[in-house]
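Asker: Quick one: the structure is below, questions incoming.
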Amino acid sequence: MPRQDHVLAIDQGTTSTRAILFDGDGLPRATAGRELKQHFPKPGWVEHDPEQIWTDTVSVVREVLDVSQVDAARIAGIGIANQRETTILWDRESGTPIASAIVWQDRRTADACAQLKQSGHEPDVQRRTGLLVDPYFSATKIAWLLERTDGARARAEAGELAFGTVDSFLLWRLTGGHAHITDATNASRTMLFSLALQDWDDELLSLFGIPRALLPEIRDCAGEFGVTDPGLFGAPIPIRGLAGDQQAAMFGQCCFSEGMVKCTFGTGCFALVNTGSKPVESKNKLLTTVAYRLQGQPTYAVEGSIFIAGAAVQWLRDGLGLIDSAPATAELAAAANKASRVYLVPAFTGLGAPYWDSDARGALFGLTRDTGPAELARATLEAVCYQTRDLFVAMASDGAAPPNVLRVDGGFAANDWAMQFLSDVLGLVVERPEVIETTALGAALLAGMQAGVYPAPEILSTRWRCKHRFVPNMADSERDERYAGWLDAVARTRSRSPQH
């Protein structure tokens, strides 16, 4: 039997599906990716085609194996990282989805969430789950599909349908329908998972009208989840790691000690601070979530979620046609008038933490006659950094000790101009690792640990390497003045919302 000395990561994100092959030292050896088409059937609605997610996943894995010339038999395990909260229901017999996937950004259940809040349910939901009542999470998405899809509720109650976030859907398909499983990190994003019980919460299932028969089994992030159908890749490959993308990135950044912080800049931006073995309830509308769970022991995090980060750059490219590619924003921003105070509030699908205003919509402020593409590009990059500062302010208000350093990753983190401005506006050293694709790396590390290819977390942490450090060089007065302008812009955006 060939030596199993490689680990394969599937990184199924909001805008792309990728596979990365890592060697025994945790270094990427081959990568393949496909862009995922976004569907916007109505204002505030965001959908994906589950079949495209599946076919793209198979394609990128096959391409990586082909390019690397590594046989499937040499893969010690597959780790899956996925866009969280995105909701899929499928037929257990055929494996066919009964509707499009409702993406985490989707706001169609905002009215249902408002009714739950008005009925006084949010404090109990937050106490049980660590989450706020918001369309972001899976519970109201599942309820919407059960109510709006013909026959779905009766079929769900009869055990004919399965629910999954993307990890669970891919696991089902990869194993030929033999495994209906999720992990604790993804489960903790559904608004149905009890942090105390580490299992589905029957009272919440009753509140949202969701049959338990619909739900997958919950397991640790590293384990034996099944093997791939031999016909897919030429030989069966064990699946040994599962984690939501943000938690996978935290694992890939080796944030294993209490107080360590990472920010992942993808479609959205997600800041997580490790809070150790006990969940910490936020008083400032941040989220309490499972960072990872190993051998039955959960480690928790407090998370701030920004809905629009890299997606704002995508809007510059696809919506306005101002740029040909995302890297062009750095050169444009550097050429902008430094005295300009143009603010973009990218509330295209509402505002996430710490505002949680689903009715807010995007706006531009401070436009003058000399505002041009450079100023708009700069405002777009700055908006991501200002939103990140919002999260750090909320974390500090929750009593979190100020971090000495912030570890960053994701596609947007490759933008040097943006990372320097982030360091400036936070007044904090920002570190970018050698392997910037830490979401995929985290999934690979989980699978590789289970397979015995990689060591335990305490040893992995010594192997983390910084490639670039950004040190703040903005005067305190300018930092505070710019941020005050941002807060004013956000307040103006929110004042237009019916709920304020």
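Asker: Given a Förster distance of 51 Å, report the FRET efficiency between K283 and I459 from their Cβ-Cβ distance, rounded to the nearest 0.05.
Answerer: Numbers: r = 36 Å, r/R0 = 0.71.
According to the calculation, E is roughly 0.90.
Asker: Continuing with this model, one more query. Using a Förster radius of 35 Å, what is the FRET efficiency between A213 and A334 based on their Cβ-Cβ separation? Nearest 0.05, please. Provide the component values of the computation, followed by the final result.
Answerer: Numbers: r = 56 Å, r/R0 = 1.60.
Result of the calculation: an efficiency of 0.05.
Asker: Continuing with the same structure: Taking 0.36 nm per residue of separation and subtracting the Cα-Cα distance, what length does fully extending L197 through R62 add?
Answerer: Between L197 and R62, full extension yields an extra 44.7 nm.
Asker: For a label point 7 angstrom out from the Cα of D49 toward its Cβ, which stretches of the stretch 21-37 have the backbone nitrogen within less than 12 Å?
Answerer: It comes to 36-37, nothing else.
Asker: Another question, then. Going by amide H atoms built from the backbone, whose H comes under 5 Å of the H on G266, apart from near neighbours?
Answerer: Amide H neighbours of G266, under 5 Å, 5+ apart: G310.
Asker: Continuing with the same structure: Go through P457, G485, M474 and say which Cα lies farthest out towards the positive end of the charge dipole of the stretch 446-486; charges sit on Cβ, +1 for Lys and Arg, -1 for Asp and Glu.
Answerer: Looking along the dipole axis, the top candidate is P457.
Asker: Amide H neighbours of H468 under 5 Å, at least 5 residues apart or on other chains, H built in the peptide plane: list them.
Answerer: Under 5 Å from the amide H of H468 lie the amide H atoms of R432, each far enough along the sequence or on another chain.
Asker: About its Cα centre, what dipole magnitude does the stretch 305-399 give when the only charges are +1 on Lys and Arg Cβ and -1 on Asp and Glu Cβ, stated in debye to the nearest 20?
Answerer: Working: 7 positive and 10 negative charges, 45 e Å.
Rounded to the nearest 20 debye, it is 220 debye.
Asker: Starting from the Kirkwood radius over alpha-carbon pairs of the chain, derive D by Stokes-Einstein at 10 °C in a medium of 1.306 mPa s and give it in µm² s⁻¹.
Answerer: 70
Asker: Tell me what the chain gives for mean residue ellipticity at 222 nm when only DSSP H runs of n ≥ 4 count, each as -39,500 (n - 2.57), the sum divided by the residue total, rounded to 500 deg cm²/dmol. Can you show the working numbers first?
Answerer: Numbers: 17 runs with 172 residues, N = 500.
Roughly -10000 deg cm²/dmol at 222 nm, from the helical runs in the chain.
Asker: Here's another thing I want to ask about it. Note down, for the stretch 274-347, the three equivalent ellipsoid semi-axes (square root of 5 times each alpha carbon gyration tensor eigenvalue), biggest first, whole angstrom. Mind dumping the intermediate values first?
Answerer: Details: eigenvalues 285, 47, 26 Å².
Ellipsoid half-lengths, sorted descending, are 38, 15, 11 Å.
Asker: Something else now. Could you please report the charge total around C385, scoring K, R as +1 and D, E as -1 over all other residues with beta-carbon less than 12 angstrom from its beta-carbon?
Answerer: Working: positive: R378, R389, R479, R482; negative: E382, D390, D424.
Summing Lys and Arg as +1 and Asp and Glu as -1 gives +1.
Asker: Further, regarding this structure: With θ set to phi - 60° and the Karplus curve 6.51 cos²θ - 1.76 cosθ + 1.60, what are the ³J(HN,Hα) couplings of the stretch 50-55 in order, to the nearest whole Hz, using x for Gly and Pro?
Answerer: Computed from phi, the couplings for the stretch 50-55 are x, 5, 5, 4, 5, 5 Hz.
Asker: Tell me which residues come under 5 Å, amide H to amide H, from A30 once H is placed; ignore anything under 5 positions away on its chain.
Answerer: L21
Asker: Further question on the same structure: Under a point spin-label approximation (7 Å from Cα along Cα-to-Cβ), what is the N404-R92 distance to one decimal in nm?
Answerer: About 5.3 nm separates the two model spin labels.
Asker: Run the numbers for D476 and H39: contour at 0.36 nm per residue of separation, minus the present Cα-Cα distance, in nm. Spell out each step's value before the answer.
Answerer: Numbers: separation 437, 0.36 × 437 = 157.32 nm, distance 4.27 nm.
Between D476 and H39, full extension yields an extra 153.1 nm.
Asker: Right, next: Charges on Cβ only, +1 for Lys and Arg, -1 for Asp and Glu, centred on the Cα centroid of the chain; of Q69, A312, L287, which one is farthest towards the dipole's positive end?
Answerer: Value: A312.
Asker: Mind putting a number on the dipole of the stretch 421-492 about its Cα centre? Charges go on the C-beta only, +1 for Lys and Arg and -1 for Asp and Glu, and I need it in Debye to the nearest 20.
Answerer: Around 300 debye, computed over the stretch 421-492.
Bear in mind that the values in this text are calculations on the coordinates, not laboratory data. As the structure is a computational prediction, the values presented were derived from the model and not from experiment. Methodologically, a virtual Cβ is constructed for each residue, glycine included, from the backbone with ideal geometry; neighbour enumeration extends over all protein chains shown.
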